[in-house]
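K.L.:
This is the structure I want to talk about, given as structure tokens.
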Amino acid sequence: MSLTPVDEVLDKIKHQASLLVDEEEIDLSSALGRILSQSIKSDINVPPSDNSAMDGYAIDSVGVSKGTKLKVSDRIPAGTAGQVLLPGTAARIFTGASIPAGADAVVMQENTAVIDDEVEIHEHPQKGQNVRLCGQDIKAGEIILSLGRKLKPQDIGLLASIGYARVPVYQKLKVAVLSTGDELVCPSEIPPNRLKPGQIYNSNQYALIALIEQLGMTAINMEPVGDSFEATEKAFLHAAEIADCIVSSGGVSVGEEDHVKAVVDKLGQVDIWKLAIKPGKPLAYGRVGKTPFFGLPGNPVSSFVTFNIVARPYLMLCQGCPDDELTQIQVPAGFEIKGGSRREYLRVKLEVDEHGHISLVNFANQGSGILSSLSWADGLAEVEIGAKISKGDAVKVRLL
Ligand code: AMP
Ligand code: MG
């Protein structure tokens, strides 16, 4: 099988991805990171009425100029409604309080002086100054957030501002995470001083669970899978039963100890195997029974990169969120590199010089086992097949 280009794989799998979860309604306070299952329309104007942007005096700007003295006829703190402004007077007003009928401007306190029961105006007021208009943020009937939106903290605030206590979201996609490899041990089971020769810690399981949870999904932490056909088959059958999607790591290459592909060939189908991507070539995608499956390579950088570049947009579509990819920017390279026969994702950092100019630095060791390169990196720089990148050339970077 030849290596499939990354973009071709992305097109194909995105085409096959479908919504795999139902809707539910949840408390706004627990909706961070969840995906809206309906577009949200506001029933109200925000702010609900014209109100003051300042502590000061509400006036009718007509006929008022620098030096005018006005009797203070009312006092309107936020949360109360004032009387209609009497002609030729001012109302003491506080930030957020509704502008009384008859007033069209607010003079800030700093530009006034109070003498007995009068206020002297020290500026020439403009109609509308320091007034926040009704509906200037949100208009009644307006769609404020669209279906498929991943809710950010500011969205939670926006929903609260239009009186939403509960929100319609998609249920969390359940993603089974399994690691294959006889060498793997869990840090909670064996301390470093008791590691046996040949054993390594299962870092992929932790990183993949964290990635999935960061996407607002439920990661199902499956038992580690030994390197045998039987153990792999049993684990995948179980995962397909309890999860909406399966993400595995390791055992997907061509050695005799790699059983994932053969097992998925038996239990379902492997649609894609081997990508023109570095790191991460032996990625497999297909189905276990009817359950979508990504078999990520075992090397820690490979599994992390392929999860982000390939599996993530697919899983987000299954979760009801379209077009979710890592943010992409163009930055001048601070290094030279020649692209090989696969698209390469380099671990890079954004460096700002004394003039504020940004350039990219790449991590010295770009090996697929160098997990520290990912902790160090700000992003992944894309080096296309056969590309020649010189210092100063703009390079596409996906921010982590
Ligand atoms: P494999 O794809 O199973 O041949 O694994 C490739 C390399 O990645 C080997 O050096 C494995 O020991 C390592 N590896 C596989 N799975 C994990 C894991 N879950 N955590 C850390 N390293 C792993
Ligand atoms: Mg292995």
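K.L.:
Go through the range 217-230 residue by residue and turn each phi into a ³J(HN,Hα) via Karplus (6.51, -1.76, 1.60, θ = phi - 60°); whole Hz please, and just put x for glycine and proline.
P.N.:
9, 9, 8, 9, 7, 7, 4, x, 10, x, 7, 9, 4, 5
K.L.:
From the phi of every residue in the range 80-89, what ³J(HN,Hα) in whole Hz does the Karplus formula 6.51 cos²θ - 1.76 cosθ + 1.60 yield, where θ is phi - 60° and glycine or proline is x?
P.N.:
Working through the residues one at a time gives 10, 10, x, 7, 4, 5, 5, x, x, 10 Hz.
K.L.:
Then there is this: Between Lys196 and Glu241, what length comes free when the chain is fully extended (0.36 nm per residue of separation minus the Cα-Cα distance, one decimal in nm)?
P.N.:
12.8 nm is the gain from fully extending Lys196 to Glu241.
K.L.:
I'd like to know how the range 328-399 sits against the 2.2 N^0.38 Å rule of thumb: what's its Cα Rg over that expected value? All intermediate terms of the calculation are to be shown ahead of the outcome.
P.N.:
Numbers: Rg = 11.6 Å, N = 72, 2.2 N^0.38 = 11.2 Å.
Expressed relative to 2.2 N^0.38 Å, the Cα Rg reads 1.04.
K.L.:
List the residues whose amide H sits under 5 Å from the amide H of Glu142, counting only those 5 or more places along or on another chain, with H placed 1.01 Å from N in the peptide plane.
P.N.:
Under 5 Å from the amide H of Glu142 lie the amide H atoms of Ser42, each far enough along the sequence or on another chain.
K.L.:
Label Ala364 and Ala53 with points 7 Å out from Cα along Cα→Cβ: what is the distance between them in nm?
P.N.:
Distance between the two pseudo-spin positions: 5.4 nm.
K.L.:
May I ask what percent, to the nearest 5, of DSSP beta bridges between residues of the range 1-156 are antiparallel?
P.N.:
80 percent
K.L.:
Could I ask something else about it? Over what distance in Å are the Cα centres of the range 227-267 and the range 333-396 separated?
P.N.:
Using only Cα atoms to place each centre, the spacing works out to 33 Å.
K.L.:
Which percent of the accessible heavy-atom area of the range 36-152 goes to carbon and sulfur, probe 1.4 angstrom?
P.N.:
50 percent
K.L.:
Multiply the residue gap between His124 and Val84 by 0.36 nm, knock off their C-alpha separation, and tell me the result in nm, one decimal place.
P.N.:
Length gained between His124 and Val84: 12.1 nm.
K.L.:
Quick check: residue separation of Ser203 and Asp116 times 0.36 nm, minus the Cα distance between them. What number comes out in nm?
P.N.:
Additional length available on full extension: 23.9 nm.
K.L.:
Whose amide H sits under 5 Å from the amide H of Gln38, counting only residues 5 or more places off or on another chain, with H placed in the peptide plane?
P.N.:
It is Gly148, by chain and number.
K.L.:
What is the local net charge at Thr306, summed over the other residues whose Cβ is closer than 11 Å to its Cβ (Lys, Arg +1; Asp, Glu -1)?
P.N.:
Values: positive: Lys278, Lys281, Arg312; negative: none.
Residues near Thr306 contribute +3 overall.
K.L.:
What is the percent carbon and sulfur in the accessible area of the range 182-280, measuring with a 1.4 Å probe over the protein chains and ignoring ligands? Display every interim value, and only then the final one.
P.N.:
Numbers: 2600 of 4960 Å².
Percent of accessible area from carbon and sulfur atoms in the range 182-280: 53.
K.L.:
Output wanted: per-residue J couplings in Hz (rounded whole) for the range 173-183, from phi through Karplus 6.51 cos²θ - 1.76 cosθ + 1.60, θ = phi - 60°, x for Gly and Pro.
P.N.:
5, 9, 10, 7, 10, 10, 10, 10, x, 5, 7
K.L.:
By accessible area of protein heavy atoms, probe 1.4 Å, what ranking do Lys338, Lys290, Lys396 get, highest first?
P.N.:
The most accessible residue leads, giving Lys290, Lys338, Lys396.
K.L.:
Quick one: pull the percent of accessible area on the range 328-399 belonging to carbon and sulfur, 1.4 Å probe, ligands and nucleic acids left out. Don't skip to the end; give the middle numbers.
P.N.:
Values: 1930 of 3750 Å².
Here carbon and sulfur together make up 51 percent of the probe-accessible area.
K.L.:
Report the Stokes-Einstein translational diffusion coefficient (µm² s⁻¹, integer) for the chain, Rh taken as the Kirkwood radius over Cα pairs, at 10 °C with viscosity 1.306 mPa s.
P.N.:
63 µm²/s
K.L.:
What shape does the range 51-132 take by its C-alpha gyration tensor, where a ≥ b ≥ c are the square roots of the eigenvalues and a/c under 1.5 counts as rounded, a/b above b/c as prolate, and the rest as oblate?
P.N.:
Because its axes are fairly even, with a/c under 1.5, the range 51-132 counts as rounded.
K.L.:
Once Lys and Arg get +1 and Asp and Glu get -1 on their Cβ, which of His15, Val263, Thr112 lies farthest toward the positive end of the dipole of the chain?
P.N.:
Val263
K.L.:
Another question about this same structure. Assuming R0 = 45 Å, can you tell me the calculated FRET efficiency for the pair Ser390 and Val72, based on Cβ-Cβ distance, to the nearest 0.05?
P.N.:
For Ser390 and Val72, the calculated efficiency is 0.05.
K.L.:
Out of all DSSP beta bridges with both ends in the range 164-307, state the antiparallel percent to the nearest 5.
P.N.:
Values: 10 of 26 bridges.
For the range 164-307, the DSSP antiparallel bridge percentage is about 40.
K.L.:
While we're here: For Asp353, Asp137, write out the residues from largest to smallest accessible area, computed with a 1.4 angstrom probe and no ligands counted. Kindly include the intermediate steps, with their values, before the conclusion.
P.N.:
Numbers: Asp353 65, Asp137 90 Å².
Ranked list, largest accessible area first: Asp137, Asp353.
K.L.:
To continue, here is another question. Taking amide hydrogens as modeled 1.01 Å from N in the peptide plane, which residues meet the under 5 Å criterion relative to Val395, leaving out close sequence neighbours?
P.N.:
Hits under the 5 Å cutoff: Val331, Ala333.
K.L.:
For the range 245-341, list log₁₀ I(q)/I(0) at each q in 0.18 Å⁻¹, using the Debye formula over Cα point scatterers of equal strength and ignoring solvent, two decimals each.
P.N.:
-0.86
The values are calculated or read from the model by the stated rules, or taken from the named source; none is laboratory data. If you're wondering where the values come from, they're calculated on a predicted model, not measured in any experiment. Because the Cβ atoms are built from the backbone with ideal geometry, glycine has one as well, and the counts that use them run over all protein chains shown. We work out accessible area using only protein heavy atoms, side chains counted, and drop any ligands, DNA or RNA first. Shrake-Rupley method; radii C 1.70, N 1.55, O 1.52, S 1.80 Å.
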